[in-house]
1. Tell me, which residue of region 51-87 that is surrounded by fewer than 18 Cβ atoms within 10 Å (Cβ to Cβ), of a type in the set (A, V, I, L, M) and at pLDDT below 95 is farthest from the chain's Cα centre (by Cα)?
2. Yes or no: region 250-266 includes at least one residue that is assigned to a helix (DSSP H, G or I), closer than 28 Å to GLY166 by Cβ and β-branched (Val, Ile, Thr).
3. Sort out which residues of region 52-67 are in contact with a Leu (Cβ under 8 Å, 6 or more places away or on another chain) and closer than 19 Å to SER181 by Cα, and write them in order of number.
4. Can you name the residue in region 88-120 that is touching a residue at least 60 places away in the same chain (Cβ under 8 Å) and out of contact with any helix residue (DSSP H, G or I) (no Cβ under 8 Å at 6 or more places or on another chain) and is also nearest to GLY271 (Cα to Cα) among such residues?
5. Would you confirm, using the coordinates I've provided, whether ASP204 is over 30 Å from ALA63 (Cβ atoms) and either in a helix (DSSP H, G or I) or out of contact with any strand residue (DSSP E or B) (no Cβ under 7 Å at 6 or more places or on another chain) (or both)?
6. With without any contact (Cβ under 8 Å) to a residue 24 or more places away in the chain, in contact with a strand residue (DSSP E or B) (Cβ under 9 Å, 6 or more places away or on another chain) and not assigned by TED's automatic domain parsing to the domain that holds PRO99 as the only criterion, which of LEU287, LEU254 stands out?
7. Filtering region 249-279 down to residues that are over 17 Å from the mean Cα position of the chain (by Cα) and over 14 Å from CYS297 (Cβ atoms), which residue is surrounded by the most Cβ atoms within 10 Å (Cβ to Cβ)?
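The values are calculated or read from the model by the stated rules, or taken from the named source; none is laboratory data. Just so you know, these numbers come straight off a predicted model, no measurement behind them. So basically every Cβ, Gly included, is an ideal-geometry build from the backbone, and we count neighbours across all protein chains shown.
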Amino acid sequence: MSAAPAVTVRVPAKVNAQLAVGGLRPDGFHDLANVFLAVGLYDEVTAAPADELTLTVSGPDAAQVPLDRGNLAARAAEALAARHGVEPDVRLHIAKDIPVAGGMAGGSADAAGALLACDALWGTGASRAELLGICAELGSDVPFSLVGGAALGRGRGERLTPLDVGGTFHWVFAVADGGLSTPAVYRECDRLREVSGGGATTADVPDPEPSAALLDALAAGDTDALAAALTAGGSSNDLQAAAVSLRPSLADTLAAGTGAGALAAVVSGSGPTCAFLARDAASADALATALTASGTCRSARPATAPAAGATILPAERGVTAH
């Protein structure tokens, strides 16, 4: 086992084309039918030799990212080191471009990036199955951040089945000021279910299932069919009502995007980032400009999906650790 020079891994954000949420389980989690799409907004995680585990962050909202061992990237390095009997002596630098606490799995992406980068740096030779196992232990979204593309997540979202995608989809992501706590959004989802009189437990809520129409639209690369599936029943995201309840201004963002020509609008995951489906690249650029001008979001970013998962970059393209 030998240390390599610094290794940089690029990791994508995600959007939930569907997030069907089952009832509250006794262990506090919810079963999901989670249709993940990796999108072309990226963080880059660089691992370099060091005398101890240290973490630095640059880019938008860097000040919001924890630099201690509560950071998923640091925990990923420690988990891999523990499995292979080495000290987690590494300097991790995260160049952030994925919105922080925005429902786009930026923290999960950083964990997957750190895991792959440390595996290459330390020469641990972990198998794909081992890496995915560590990912699942770290968090529900981390395995998908490693594999990218498109996948159906079952269980808490960590059990993945790859999905076919027949074309490129154009999205615009409206970034809100501040984040939303994912556990708080799930709690609000449960509360809203209870006050509606339907109940919130697994005994009250049907098992979550993916939308056949949505999966067919992805496989066909059919933008219009995907738009219809995203808006069927009001929203493809069962957490959207909870996110809007906690952050009512998101309703204005969703309305602004729809008014500016988006084919469909949905809160991304637990929010507060909102995702808008556009017909093509030109439409996405125009939509991003309109959303930014609307004053309902801090910024709006066009991106395409699906995107590749965690990828080691050539040394000349890597980001230098700070």
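1. VAL86
2. For region 250-266, residues assigned to a helix (DSSP H, G or I), closer than 28 Å to GLY166 by Cβ and β-branched (Val, Ile, Thr): present.
3. Hit for region 52-67 is LEU67, nothing else.
4. The residue in question is GLY102.
5. no
6. Exactly one of LEU287, LEU254 is without any contact (Cβ under 8 Å) to a residue 24 or more places away in the chain, in contact with a strand residue (DSSP E or B) (Cβ under 9 Å, 6 or more places away or on another chain) and not assigned by TED's automatic domain parsing to the domain that holds PRO99, namely LEU254.
7. Checked region 249-279; the qualifying residue surrounded by the most Cβ atoms within 10 Å (Cβ to Cβ) is ALA278.
Conditions (1) in a helix (DSSP H, G or I); (2) more than 20 Å from GLY155 (Cβ to Cβ); (3) among the charged types (D, E, K, R); (4) touching a Lys or Arg at 6+ places or on another chain (Cβ under 9 Å), marked per residue:
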residue	(1), (2), (3), (4)
ALA81	yes, yes, no, no
PRO88	no, yes, no, no
GLY102	no, yes, no, no
GLY107	yes, no, no, no
LEU116	yes, yes, no, no
